[in-house]
Amino acid sequence: MPRGSSDIPDLRLSRIDKLVTSFMTPPSMVLTNLFGSSDADSSTIKWESQEGNRGMTPFVPPGSPAEVTSPQGVAAHSAEAAFWKEKMYCDEEFLNNLRKEGTESQYLAARARLARELKSMRGRADRRKEWMFAKMFENGEFAYSQKGGVKATVDYDIPSSHVSSLATDYKWEAGTSRDILKDIMDAKITISRDCNGIVDYAICNSTVLKFMALDDSIQTLLQSSAFGKGDLFKKAGGKLIGVNAPVMGSLLDIKNLVVYDERYVVKAWLTAVVTGGSTVNIYVDDITDFEAGGTLRFHDSSAGTYEDETISSVSVEAGYVTVSTAPTASFKAAEDYVTMTRSFIPDDKFVMFASQVDGQKIAEFKQAPFGLDRHYGIKTDSWDENDPEGSWIRVQNKGLPVLYQRDAIFVYDVN
């Protein structure tokens, strides 16, 4: 590849950048699509958040000075922007297939692969942004890596009165005293009372929706004689195939009941040997995204087999996850790896929020500048490697979601 990759039309930076940025954020990225973005002055993101409503202007006698006012419950926040990026290597053979003349089939196959890989990279970058939004709404915080490998945590200070972990008897799946309708009404009243917001969004996954649909009191209300047309359940050929979320949302008087089943995969390489039957502390090269309660899958790279165990705890500073039971097989450091597949909205969360308060959105994404050109938003670049000959393509982004109205959210731990 003596001429380098710059003479390959499909690898010209302008074309790569146009291709990557032309991929619209996938429709499944619910929170990213709902809230907009704006540019921050620097990598230190600063914002103010509020609790309570805006009140009214007081009466004063004509000719007297105006009363001094300030927003209620205002808090100042500051956090360093999160930075995420990854790169892909294109080897000499692949690049030559993008350059070859008279080999249309090879050229088209290589071009299709390039487009597919770039779209995948863009999707992964978008999922990271969506992950931050999801953590902000469901947990009120998340951790990420900062310069020097330091683990930082941003806390959005959601009021404790807006986060409820239901007692065992009130769990939505099998609680003997559960009252799902009351729980939802209580949350709506709490948000309305505290900030004058109207709940127009509720987000859960299909597992939580199933808890709701199979609840006796909800089924009674949704009978044809009581509500709608009795069409809560979707059927095909006389068989149950799903739950009609808009019907459920209509019953709950929530404009948008979003069933969110999007998932992401976390991968890390083992940094210490795992001995079958005894090792429960699993050391990996990147601990950041693993969570207690998730399923850790051990992959044997040479045999192509895997084994699943439940994560009981995560030790971020020590760099290991602890599994409840040691795997049966043994696994090698630097050769074998682990993964965890996780839902953006897990099986035990029901999130409700008013997307706007007083006509203003309660959240947005703050884009931070990065690179020598102070770039904002997703960016692609590329460079050549001489030995072995090839080319790197990189996708990167930097920023942080911010929450302006802390009491416009209510989160239930329902199971």
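The values are calculated or read from the model by the stated rules, or taken from the named source; none is laboratory data. All of these numbers come straight from a predicted model, not from anything done at the bench. Cβ coordinates were reconstructed from backbone atoms using ideal geometry, including for glycine residues, and neighbour counts include every protein chain displayed.
Data table
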read-out: Within the range 270-290, considering residues that are surrounded by fewer than 16 Cβ atoms within 10 Å (Cβ to Cβ) and either of a type outside the set (Val, Ile, Thr) or at pLDDT below 90 (or both), the one nearest to residue 415 (Cα to Cα); value: 288
read-out: Meets criteria (among the charged types (D, E, K, R), surrounded by 14 or more Cβ atoms within 10 Å (Cβ to Cβ) and either assigned by TED's automatic domain parsing to the domain that holds residue 367 or at pLDDT 95 or above (or both)) for residue 104; value: no
read-out: Entirely in the range 277-321, the strands (runs of 3 or more DSSP E) that have 2 or more residues that are touching a Phe, Trp or Tyr at 6+ places or on another chain (Cβ under 8 Å), more than 24 Å from residue 135 (Cβ to Cβ) and free of Cβ contacts under 8 Å to residues at least 24 places away in the same chain; value: 305-315
read-out: Qualifying residue in the range 20-37 (condition: at pLDDT 85 or above and in a strand (DSSP E or B)); value: yes
read-out: All positions within the range 241-269 that are without any contact (Cβ under 8 Å) to a residue 40 or more places away in the chain, under 21 Å from residue 134 (Cβ atoms) and surrounded by fewer than 16 Cβ atoms within 10 Å (Cβ to Cβ); value: none
read-out: Residues satisfying the stated conditions in the range 107-130, i.e. hydrophobic (A, V, I, L, M, F, W, C), closer than 27 Å to residue 84 by Cβ and either modelled with pLDDT under 80 or out of contact with any Asp or Glu (no Cβ under 7 Å at 6 or more places or on another chain) (or both); value: 112, 114, 115, 118, 125
read-out: Any pair with Cβ under 9 angstrom, 6 or more apart, that starts in the range 159-180 at a residue that is among the charged types (D, E, K, R) and ends at one that is loosely packed, with under 11 Cβ neighbours inside 10 Å and in a loop (DSSP other than H, G, I, E, B); value: 169/176; 169/177
read-out: Long-range neighbours under 6 Å by Cβ, at least six apart or interchain, first residue within 17 Å of residue 194 (Cβ to Cβ) within the range 41-62, second of a type in the set (Asp, Glu) and in a loop (DSSP other than H, G, I, E, B); value: 54/358
read-out: Meets criteria (at positive phi and basic (Lys, Arg)) for residue 374; value: yes
read-out: Residues of the range 160-184 satisfying the condition of being within 24 Å of the chain's Cα centre (by Cα) and either exposed (fewer than 15 other Cβ atoms within 10 Å of the Cβ) or in the same structural domain as residue 364 (by TED's automatic domain parsing) (or both); value: 160, 161, 165
read-out: Any hit, the range 325-340, residues being of a type outside the set (A, V, I, L, M) and at pLDDT below 95; value: no
read-out: Residues that are crowded, with 16+ Cβ neighbours inside 10 Å and of a type in the set (D, E, K, R), drawn from the range 308-354; value: 309, 336, 342, 347, 348, 349
